[in-house]
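The values are calculated or read from the model by the stated rules, or taken from the named source; none is laboratory data. On a predicted model such as this, the values are computed, not experimentally measured, just so you know. Every residue, glycine among them, receives a Cβ derived from its backbone with ideal geometry; neighbour counts consider all protein chains shown. Please note that ligands, DNA and RNA were not included when accessible areas were found on the heavy atoms of the full protein model with its side chains. Shrake-Rupley method; radii C 1.70, N 1.55, O 1.52, S 1.80 Å.
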Amino acid sequence: MRKAFIERKTNETQITAALTLDGKGEYSINTGIGFFDHMLSLFARHGSFNLDLSCKGDLQVDNHHTVEDVGIVLGQAFRQALSDMRGIARYADKTVPMDEALAFACADISGRPYLVYETGGEMGDEMQLYEEFWRAFAVHAGITLHIKVLYGKNAHHMIEAVFKAAARTMREAVSIDPKVEGIPSTKGTLI
Ligand SMILES: [Mn+2]
């Protein structure tokens, strides 16, 4: 089973996360931010990951540290669960609608941390906050991740479309591809 357990404590946040890549979309999430719990729950559900995650963060400051640090921990959990990346599909992309919003995600489980995040227009505070989440996730998972909101009006829908597109993308990119023998790289390593 490809699993990970991460515990991270700083003066700003205390987080534990248990992740199973080949799961059934079962989750238990508590970050203290209702909307963020909603996003992480649907990420687990649509990614078919099992995810138990709890965070006690300094929400009296604002949501920033909690959202960013959960991104760090979730990224570390993927990195740990993927181990040497043996047999994985590696590349995937998905475009997912949420009512009037449409979001695209594309991932390369590459060992090359990089985030492209484009929201097509002026970015509101929430869109900006979740850019920090995806950057932390991509950097600590060691993946190249491109996210683009093609269009949309409602910020809740736009962010939700991004989380669903990223979930479906990660589900396929980390899946075991029977055509892949060993490490899917001519370099011989993805670490
Ligand atoms: Mn919703």
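Taking +1 at the Cβ of each Lys and Arg and -1 at the Cβ of each Asp and Glu, which of GLY188, ILE159, THR31 sits farthest along the dipole of the chain towards its positive end, judged by Cα position relative to the Cα centre?
GLY188
Can you compute the charge dipole magnitude of segment 34-150 about its Cα centre, using +1 on each Lys and Arg Cβ and -1 on each Asp and Glu Cβ, nothing else charged? Give it in debye, rounded to the nearest 20.
720
If the cut-off is 26 Å between C-alpha atoms, which lysines fall inside it for LYS164, apart from same-chain ones fewer than 8 positions away?
Correct list for LYS164: LYS3, LYS24, LYS56, LYS94, LYS148, LYS153.
Largest first, how would VAL70, VAL139 line up by accessible area (1.4 Å probe)?
From most exposed to least exposed: VAL139, VAL70.
Given the options ILE143, ILE72, ILE176, state which has the largest fluctuation in a GNM of the chain using a 10 Å cut-off (strictly under) for Cα springs.
ILE176
Taking the DSSP beta bridges in the chain as the whole, what percent of them are antiparallel, to the nearest 5?
If we restrict to bridges inside the chain, about 80 percent are antiparallel.
Could you go through segment 18-25 in sequence order and give the Karplus-derived ³J(HN,Hα) for each residue, using 6.51 cos²θ - 1.76 cosθ + 1.60 with θ = phi - 60°, rounded to whole Hz, and x for Gly and Pro?
Working through the residues one at a time gives 10, 10, 10, 5, 9, x, 10, x Hz.
Taking H as built 1.01 Å from N, whose amide H comes closer than 5 Å to the amide H of TYR27, not counting residues under 5 places away?
LEU51
Among VAL180, VAL149, VAL116, which one shows the highest mean-square fluctuation when the chain is modelled as a Gaussian network with alpha-carbon springs under 10 Å?
VAL180
Check cross-link reach from LYS9 to the aspartates and glutamates: straight Cα distance under 20 Å, and skip same-chain residues fewer than eight apart.
Answer for LYS9, where 20 Å is the Cα cut-off: ASP37, ASP52, ASP58, ASP62, GLU68, ASP69, GLU132, listed by chain and number.
What whole-number value in Å² describes the accessible area per residue of segment 3-174 for a 1.4 Å probe?
The answer is 44 Å² per residue.
Using the Cβ atoms and a cut-off under 11 Å, what net charge is assigned to the surroundings of ASN30, where Lys and Arg are +1 and Asp and Glu are -1?
-1
Tell me, what is the percent relative contact order of segment 106-169, built from C-alpha pairs under 8 Å that lie six or more residues apart?
It rounds to 45 percent for segment 106-169.
Mind grabbing the accessible area of ARG90 for me, 1.4 Å probe, Å², rounded to tens?
30
Given a 1.4 Å probe and heavy atoms of the protein chains only, how would you sort GLU181, GLU7, GLU160, largest accessible area at the top?
GLU181, GLU7, GLU160
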